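What follows draws every value from the coordinates through simple rules; no lab data is involved. Since the model is a prediction, treat every value here as computed from it, not as a measurement. Every residue, glycine as well, gets a Cβ built from its backbone with ideal geometry; the counts of neighbours run over all protein chains shown.
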Amino acid sequence: MPCVHDPGNGPRVKDLFAFIESAYATKPTLDDPQCREYYYQDVLDLLVELLPRETAVILWYNKTRLNARICPTCRRFYKIGQTLPTHAMEAPLDEKSKPLLEQEQTLSGICSFLCFGVAVYNYPGTVDAWGLPGWEMDDATRDLLNAPSLGAQDEGLGLLVKLSRLNDPGFQDLLTAMDDEERQADLNRN
């Protein structure tokens, strides 16, 4: 069974774990400090504690690659800045929104405004967070995103949006606690 398929508007990951091991997946970018910070097994383990396993692995994949992304909402895989076909009934973006799209793809891996809307469904009024890291959001949007969710099952997408906006994800303390041997073993597994 193939790990990818294309329903007509871009290739999608059908089997996440098979995809990561396949030729379709991009290798981690270990020469980039931010990508390397997320690469460690302890970081992935922490994400799995916070999010459903597949959502955690997608966030980990997106944060350990410089340009390759898997949309956590629709599972489309792509490169940041790539022109993607629109989803059914999705309006094309205007020129003003394109930089926000690219920034959102960088932050969370979410591929479109429609997918972002689905991801923040549990946090009404937070669509203004689209494309913005936490420090660029206004206080009202930040407060709405940090408020309790509506409680609908969202596979951890709302939390993924929150985590992807943190300036410092807090992994540095975790990594400092690891001894150099453990860190080198993690890097060598690539």
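Observations on the structure shown:
- Here the residues Asp139, Asp42, Asp6, ranked from fewest to most Cβ neighbours within 10 Å of their Cβ, fall in the order Asp139, Asp6, Asp42.
- Ranked by how many other Cβ atoms sit within 10 Å of their own Cβ, fewest first, the residues Leu50, Leu59, Leu132 fall in the order Leu50, Leu132, Leu59.
- Cα-projected label distance for Glu95 with Lys14, points at 7 Å along beta-carbon direction, nm: 4.1
- Residues Glu37, Glu136, sorted so that the one with the fewest Cβ neighbours within 10 Å comes first: Glu136, Glu37
- Globularity index of the stretch 49-137, i.e. its alpha-carbon radius of gyration over 2.2 N^0.38 Å: 1.04
- Simple spin-label estimate for Glu136 and His5 in nanometres, 7 Å along Cα-Cβ: 3.6
- Between the stretch 113-156 and the stretch 1-38, the alpha-carbon centres lie 25 Å apart.
- Per DSSP, loop GluC sites (Glu not before Pro) in the stretch 54-102 with at most 12 further Cβ within 10 Å: Glu95
- Cα-Cα P(r), the stretch 58-110, percent of pairs per 5 Å interval: 4, 21, 31, 25, 13, 5, 0
- Look at the alpha carbon pairs under 8 Å that are at least 6 residues apart: their mean separation over the length of the chain gives a relative contact order of 20 percent.
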